[in-house]
């Protein structure tokens, strides 16, 4: 008997077992601990990319006019300012919203968590693609400072460059996709989705004022993306792909916590308690059948056997 009890206990899901392991499993399922852990992994992975990964150095030609643009010493939107525009400002506004409107701990938590996931996931994906593709920037030759005597009309490798600044040199092969564009649409695009949901922008006959207010973050993201064209850091293809990537990740992050924007409850996040856990899948068929009163007797397969035997006897007659 004790052995049978031990076997039954070991066969039960961890979350249904008593003790520390069961309590931790229940906390893990009902909280957002997995999301915070995954966010930490994303941050660690992004930092490792920044520290150790160099881009693929695609060959280039000095007579390629697409990469002969001048190197802008002063950017219109530096990296720090893009982080402020797309990350810090939405974060501060969400904090003020939480303090003023008191939406509740759960709603405030998932909203801010979704913003950070959108930003970090976009940065992680963007940098992986940047380093793997190694597309030259429009200002590559100005960055490279090729050595004297380099052939003008043939493909050459990065070894002809004499640029002493390693950062300026390596960034010359990180053109696709645009990091400013993807980051801006990841943060401000997520903020646009949040505003649209809270103000029910996509319901029928919504007033124009709400729509224009919700579009302000997208306009800001578009201006940041356009600044990369003016600085000759990217071309239209880089900026477009980066913007689409950032907005897609923003939508993915937003929809993990909120219903679609045409829902009547688009301003209310999903409740973690409503999620189905793995052990719940085993109970779903039984629950649905009991709901419709279909389990009045236990099925053991004898009726089917009886029906087959009776049919066989009928044919024999």
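Residue count for the range 125-140 satisfying the condition of being touching a helix residue (DSSP H, G or I) at 6+ places or on another chain (Cβ under 8 Å) and under 18 Å from residue 232 (Cα atoms): 7.
The combined condition, being at pLDDT 95 or above and surrounded by fewer than 15 Cβ atoms within 10 Å (Cβ to Cβ), is not fulfilled by residue 218.
Among residues of the range 263-274 that are closer than 15 Å to residue 104 by Cα, those with a beta-carbon under 6 Å from a residue that is part of a helix (DSSP H, G or I) and modelled with pLDDT of 95 or more at least six positions away or on a different chain give the pairs 267/197; 267/198; 269/107; 269/110. When each of 87, 114, 134 is tested for being at positive phi and modelled with pLDDT of 95 or more, the lone residue that passes is 134.
Quick check on my filter: what residues within the range 44-55 are part of a loop (DSSP other than H, G, I, E, B) and more than 14 Å from residue 140 (Cα to Cα)?
53, 54
For every residue, the table says whether it meets (1) touching a helix residue (DSSP H, G or I) at 6+ places or on another chain (Cβ under 8 Å); (2) surrounded by fewer than 14 Cβ atoms within 10 Å (Cβ to Cβ).
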residue	(1), (2)
142	no, no
157	no, yes
173	yes, no
176	yes, no
189	yes, no
195	yes, no
210	no, no
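Taking the listed residues 111, 126, the one that is closer than 19 Å to residue 47 by Cα and crowded, with 19+ Cβ neighbours inside 10 Å is 126, with no other qualifying.
Kindly indicate which of 38, 66, 25 is at pLDDT below 95, outside any loop (DSSP other than H, G, I, E, B) and surrounded by 11 or more Cβ atoms within 10 Å (Cβ to Cβ).
After ruling out the rest, the residue left standing is 25.
Starting from the range 165-178, take each residue that is at positive phi and touching a residue at least 24 places away in the same chain (Cβ under 8 Å) and list its partners that are surrounded by fewer than 17 Cβ atoms within 10 Å (Cβ to Cβ) and part of a helix (DSSP H, G or I), counting only C-beta distances under 6 angstrom and pairs at least six apart or across chains. Once the first residue is at positive phi and touching a residue at least 24 places away in the same chain (Cβ under 8 Å) and sits in the range 165-178, no partner that is surrounded by fewer than 17 Cβ atoms within 10 Å (Cβ to Cβ) and part of a helix (DSSP H, G or I) comes close enough. Selection of first residues in the range 228-253 that are on the phi > 0 side of the Ramachandran plot and of second residues that are assigned to a loop (DSSP other than H, G, I, E, B) and surrounded by 21 or more Cβ atoms within 10 Å (Cβ to Cβ), restricted to Cβ pairs under 7 Å at least 6 apart or on distinct chains, gives the following pairs, ordered by first then second residue: 232/138; 232/139.
The values are calculated or read from the model by the stated rules, or taken from the named source; none is laboratory data. Nothing here was measured: the structure is a model prediction, and the numbers come from that model. FYI the Cβ positions are ideal-geometry reconstructions off the backbone, even for glycines, and counts take in every protein chain you see.
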